[in-house]
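Okay, structure first, notes after.
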Amino acid sequence: MFIYYTYNLKLSLFQAFLLSMLFILFSCSGPIKQVKQPKVKKEIQYLNEIEALQNFDFEVLNEEKLNNFEQKLYQSLKFISQLNFFDAEKLLWSTLYELNDSSKKFLVKKILVDLLFYNNDWKGILSLDNIQTQTLSTDNSLVLVHSYSEIENEQVNYSSDSVEIEYEKSHSGTPIIEILINGSKRYFWFDTGANYTVIASDIAKEINIKPIKNRTAKALTATSLQINVLPAVIKELKIGNVEILNHPVIIAEESDLRFKLFGSNRITKVDGIIGWKAIQKMDVTFDDRVNKATFRKPFKDSLVDRNLHWLGIPFVTLFTEDSVKLIFGLDTGSEKSSITSNIFKKVSYDEIYSITKKISSAGGWTFSESKNISKLNLKIDNHNIEFFDIGTIFTHQNLFVKIDGIIGSDLFRQKKVRIDILNGRLSIDN
């Protein structure tokens, strides 16, 4: 469920993508009308090698024909696909200092910001910003970064090799997990689409979590409305067998975390969200058939083939029936899986039609036009997935990767799904 930062349009390119990493979108929608369109069939046509790299489509590239910059970008992304962020970061830094072209610098910085964010390297982000030869410390886009650069380093411990806990589900199907915050028991949504862990302001007040600084930053919701957030830190966060100390979080107004369901007067209150900054430390399996989650201590398995990656968002490699490679973002906070307009470059479909959707998110409602595919058959490894009447959704355009869709919580229904971050695996068992 994606929410991302907004900022003054006069800010630099660096600021324009610096905190596009903050995602919290809550959405549910209903159709208004449908208009049948003629059948259309398209083939993959990338504009250039850079666009192929943005689609993580390495197989179409001829390494010998890549120029020096493309080769370095290609190698960096290969490192990232193997979760080798150390070598990727090292290569990108050296590449950045060699570049004079501003558009190429923009791409490299975009990737570097994501890697530094993943590693909680807040000072690294600030040093990257200094390359702009500007002082941006007063700008909204750097409020969180400056705040988190002042806290103690995060630490992660595991109390056991594995533990099984029961969980509930939200109206959208998102798992609701029991957690301990500084010893206080709470229930948070498990949302892979939210990059930060989020706490509602009333809950933060109850358990005495105060902002690091009282200066707010702005977050832009899926309905293009702005909400205020404050940087904070949780001294001790326990989820399953995972203990995280000095965990950077954001505080959102509790009124902004209330959602009215489509076609209903029912209001859902969200106490908080377990975001990617916590999830990236986990190996967790959700068994939707019995509503039980198994948390494991991560162990490296070098023989496993990766299909789950992260660059600004977690995304999964899938294939069509014709073995066309696609990449879908993983968002357990989204009620339904969806596609983006990027998929129409790659997928042949029998029928497409237009639909108007009413979308609810943090901050309110909006209407959105969508192109829907009647039926889409995909594979994760050898597991077949059928999507019916799957439609397009807006995605934040400041990402480096160009995703073809979003996998929502509907994928988990009546299945056993494992999310193994360290080994980069999303596996499904019926």
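Here are the numbers for the structure shown:
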read-out: Residue match in the range 193-206 (condition: in a loop (DSSP other than H, G, I, E, B), surrounded by fewer than 22 Cβ atoms within 10 Å (Cβ to Cβ) and in contact with a Leu (Cβ under 8 Å, 6 or more places away or on another chain)); value: no
read-out: Residue in the range 358-376 that is assigned to a loop (DSSP other than H, G, I, E, B), small (G, A, S) and either at pLDDT 85 or above or out of contact with any Leu (no Cβ under 9 Å at 6 or more places or on another chain) (or both) present; value: no
read-out: Extreme residue, modelled with the lowest pLDDT, among residues of the range 217-227 that are open to solvent by 60 Å² or more (accessible area, probe 1.4 Å) and either farther than 25 Å from G329 by Cα or not in a strand (DSSP E or B) (or both); value: S224
read-out: Residues of the range 78-114 satisfying the condition of being buried (at least 21 other Cβ atoms within 10 Å of the Cβ), free of Cβ contacts under 8 Å to residues at least 40 places away in the same chain and among the aliphatic types (A, V, I, L, M); value: A88, L92, V108, L112
read-out: When residues of the range 241-280 are limited to those that are open to solvent by 10 Å² or more (accessible area, probe 1.4 Å), modelled with pLDDT under 95 and in a loop (DSSP other than H, G, I, E, B), the one farthest from F315 (Cα to Cα); value: N265
read-out: Tally of residues being in a loop (DSSP other than H, G, I, E, B), out of contact with any helix residue (DSSP H, G or I) (no Cβ under 7 Å at 6 or more places or on another chain) and surrounded by fewer than 22 Cβ atoms within 10 Å (Cβ to Cβ) across the range 281-304; value: 12
read-out: Residue list for the range 377-400, filter: hydrophobic (A, V, I, L, M, F, W, C), open to solvent by less than 10 Å² (accessible area, probe 1.4 Å) and either within 23 Å of V304 (Cα to Cα) or assigned to a strand (DSSP E or B) (or both); value: L378, I380, I390
read-out: I131 open to solvent by 30 Å² or more (accessible area, probe 1.4 Å), at pLDDT below 95 and among the hydrophobic types (A, V, I, L, M, F, W, C); value: yes
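Per-residue answers, yes or no, for (1) open to solvent by 10 Å² or more (accessible area, probe 1.4 Å); (2) touching a strand residue (DSSP E or B) at 6+ places or on another chain (Cβ under 9 Å); (3) not in a loop (DSSP other than H, G, I, E, B):
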{"residue": "R306", "(1), (2), (3)": "yes, yes, no"}
{"residue": "G312", "(1), (2), (3)": "no, no, no"}
{"residue": "F319", "(1), (2), (3)": "yes, yes, yes"}
{"residue": "L326", "(1), (2), (3)": "no, yes, yes"}
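The values are calculated or read from the model by the stated rules, or taken from the named source; none is laboratory data. Predicted model only: the values in this text are computed from it and were never measured. Cβ atoms come from the backbone with ideal geometry, glycine included; neighbour counts cover every protein chain shown. Areas reflect the complete protein model, heavy atoms only, side chains present, ligands, DNA and RNA absent. Shrake-Rupley method; radii C 1.70, N 1.55, O 1.52, S 1.80 Å.
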